[in-house]
Amino acid sequence: MQSIVHKIRLLDIGHAQAFENWVLDTDYATCPELPSVRSFDVYRVSSAPDAPFHYIEVIKVSSNEAFERDMGSASFARLVEGFSTMAEVVEEVAGTRLGAGYRAPA
């Protein structure tokens with residue numbers, strides 16, 4: 001499984017609530033239409049207007065190849081269109097988890 005981390009900067013910090021609503025109502029809701037996406041989370045990092053980034057998103061995908069196929073879908077194109085009106089990815093880091101990782105017992 002691959003993990004992709006994006007640092008996200010809002011184009012206008014005054015639209016933070018609209019961006020967060022879009023994440024909750026549209027971005028998360030579209031994930032089931034992208035078969036390669038195994039999990040997807042967005043985290044608020046800063047609300048300072050001059051912050052180098054305001055959010056991070058962590059995407060876990062079954063494979064880079066499968067995710068690239070999903071990126072060609074109409075569902076993904078709609079996400080890009082909505083996202084690009086509010087924010088930009090300022091940095092991307094991707095990698096493969098070592099071993100099974102750690103999970104605390106339930």
Among the Cα-Cα pairs of the range 1-49, the proportion with separation greater than 16 Å, in percent, is 47
Which value at 222 nm does the chain reach when only helices count, each DSSP H run of 4 or more adding -39,500 (n - 2.57), with the total divided by all residues and rounded to the nearest 500 deg cm²/dmol? -7000 deg cm²/dmol
Label point 7 Å beyond Cα of Ile56 along Cβ direction - residues of the range 3-32 with amide nitrogen under 18 Å: 3-10
Can you give the relative contact order of the chain as a percent, counting alpha carbon pairs under 8 Å and 6+ residues apart? 45
Dividing the convex hull volume of the Cα atoms of the chain by its residue count, what figure in Å³ per residue is obtained? 122
List the pair-distance distribution P(r) of the range 61-106, using every Cα-Cα distance, as the percent of pairs falling in each 5 Å bin from 0 up to the bin containing the longest distance, rounded to whole percents. 5, 14, 16, 21, 17, 11, 12, 5, 0
Suppose every Lys and Arg Cβ carries +1 and every Asp and Glu Cβ carries -1, with no other charges. What dipole size does the chain come out with about its Cα centre, to the nearest 20 debye? 440
If unit charges are put on Cβ atoms (+1 for Lys and Arg, -1 for Asp and Glu) and the dipole of the range 18-106 is taken about its Cα centre, the option from Tyr43, Gly82, Ala18 lying farthest towards the positive end turns out to be Tyr43
Grab the other residues whose beta carbon is less than 14 angstrom from that of Gly101, score K and R as +1, D and E as -1, and report the net. +4
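Since every read-out is calculated from the coordinates, none of them should be taken as a lab result. These numbers were taken from a predicted model, which means no experiment stands behind them. When we count neighbours, we look across all protein chains shown, and the Cβ atoms used for this are built from the backbone with ideal geometry, even at glycine.
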